[in-house]
Amino acid sequence: MEATQNKHNGQESPSNPNPNRQPQPLSKSAQKKLLKQKKFEAKKAEKKALMKEQKQRDAERKRKEWEEKLAGLTEDERLKLIDSRKELRRERMEKRSDERGQKIQRLIQAKETGQNIVLDLEFSHLMTHSEIHSLVQQIMYCYAVNGRCSFPAHLWLTGCKAEIETQLRRIPGFDKWIIEKENQCYIQAFSDQKDHLVYLTADSETVLHELDPTKVYIVGGLVDRNRWKGITMKKAEEQGIRTAKLPIASYMKMSSSQVLTVNQVIEILLKFLETRDWKASFFQVIPQRKRYEADSENCEEVDGEECKEENEESERKKKCIEVLSHE
Ligand SMILES: C[S@@+](CC[C@H](N)C(=O)[O-])C[C@H]1O[C@@H](n2cnc3c(N)ncnc32)[C@H](O)[C@@H]1O
C-alpha cells in the first residue's frame, strides 16, 4: 500500500501511517536535530535538579531562621509569635477558601453560558514524551488562568486518551477540574453542532474578528516547534469544518511566524472575552521577543530561543503550582 503523503510537508500522513514500512535511516540534518534535542533535554534535567536543590536549601534556611528567632525570645514572647503565625495562616486559608468558592461558582456558570473552547488532544502520537509533558504544563496553566478570569470560558479536552491522558491524570486534583474531558473527538462530542465548530489555525485564510458565543473554537493540542506545518488546517479541511486565524497581523508585526503556543492562544481568547480588545489581548500575552519591534534578542539562534521557552515554561509551572496547589 502506498503511504499517504501530507501535501503540506511531504511527510507521511500522521493519521494514516503505513505499518509495513521499514524505518528509514535518519538524514544528516535529522541526526543533528536529534542530537540537539538530546543536549537540550540533558540541560533541562540538569537545571531541574539545580532548582530542586535550591528549593531545599531555601526551605532549610527559612526553618533555621525561624528557630533562631524563637531561641532569642522568652517563653511568653515565643508563644505569642507562634500564635500570631498560626492566626496569619488561618486568615490566609480562609481567604483562599473564599476565592476557591467564587472560582467554582464562575466555572459552573461558564458551563451554562460561557464560550466553549476545545483543546484537541488527538496529536499525542506526533509528539515526544517531553513535548507531551510541555503540553500538559500548558493545559494546567490554561486551566489556572481560566479560573482566575471574571468571565471564564468553558474548556473541553477532546481526544483525551493514551499518554496525554495518563500524564494529565497525574496532576493532583485533575479529577475535580471543572472542565469537559472526552476521549472522543470534538466532531462526536458536538455531533449536533458541526456547523458551529471553528478550528483555529494560523494557516487559515479567514480572519477571526469576533468571538461568537454560539460557536465552538478548537485549538490544536500540539507542541511541535512547527515541525508538523499545516497539520491542523489539513485536518479541519478533511473534516469539512470552518477554520479561522487570530487577527494578529492587524495589530502587530511578528518577528517570525504567527504560530503561537497553545497557552498563548487560549490566554488571548480569554483576555478577549474579558476586554473585547484584540490589541490589548495580543500585547498582554505575546512575549516581546516574538514581536517585530523587539530588540536584537530576536536575532538569537534557536538554542537561545529554546532557553527562553524553557524559562517561560518554568515560570508557567510556578504559577500553576501556586494556583492549583490550593485547590
Ligand atoms: C503550537 S500551535 C501548533 C502548530 C501546528 N503545526 C499546526 O499546524 O497547527 C498550537 C495551536 O495553536 C493554535 N494557533 C497557533 N497560532 C495561531 C494563530 N495565529 N491563529 C489561530 N490559531 C493559532 C492552533 O490551533 C494550533 O494548532
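Close amide H pairs (under 5 Å, H built 1.01 Å from N) link ILE178 with no residue at least 5 positions away or on another chain.
Percent of Cα-Cα pairs more than 12 Å apart in the range 60-112, please. Show your work: numbers first, answer last.
On the way: 1019 of 1378 pairs.
For the range 60-112, the share of Cα pairs beyond 12 Å comes to 74 percent.
Residue order for TYR251, TYR217, TYR292, fewest other beta carbons within 10 angstrom first, comes to TYR292, TYR251, TYR217. Cα centroid distance between the range 249-275 and the range 45-113, in Å? The distance from the Cα centre of the range 249-275 to that of the range 45-113 comes to 34 Å. With a ≥ b ≥ c the root eigenvalues of the C-alpha gyration tensor of the range 24-183, is it rounded (a/c under 1.5), prolate (a/b larger than b/c) or oblate? Since a/c reaches 1.5 but b/c is at least a/b, the shape of the range 24-183 is classed as oblate. For ILE218, the residues 5 or more places off, or on other chains, whose built amide H falls under 5 Å of its own are VAL118, VAL198, TYR199, LEU200.
From the phi of every residue in the range 219-225, what ³J(HN,Hα) in whole Hz does the Karplus formula 6.51 cos²θ - 1.76 cosθ + 1.60 yield, where θ is phi - 60° and glycine or proline is x? Values per residue, Gly and Pro as x: 10, x, x, 9, 10, 9, 6 Hz.
Which of rounded, prolate or oblate describes the range 142-223 when judged by the alpha-carbon gyration tensor and an a/c cut-off of 1.5? Cα axes put the range 142-223 in the prolate bin.
Within the shell defined by Cβ-Cβ distances under 12 Å, the residues around GLU87 carry a net charge of +3, with Lys and Arg each +1 and Asp and Glu each -1. Amide H to amide H, with H built 1.01 Å from N, GLU122 comes under 5 Å of GLY221, counting only residues 5 or more places away or on other chains.
All of the numbers you see were taken from the coordinates with simple rules; none came from a lab. A quick note: this is a predicted structure, and the numbers were derived from the prediction, not measured. All Cβ positions, glycine included, derive from the backbone under ideal geometry; neighbour counts span all protein chains shown.
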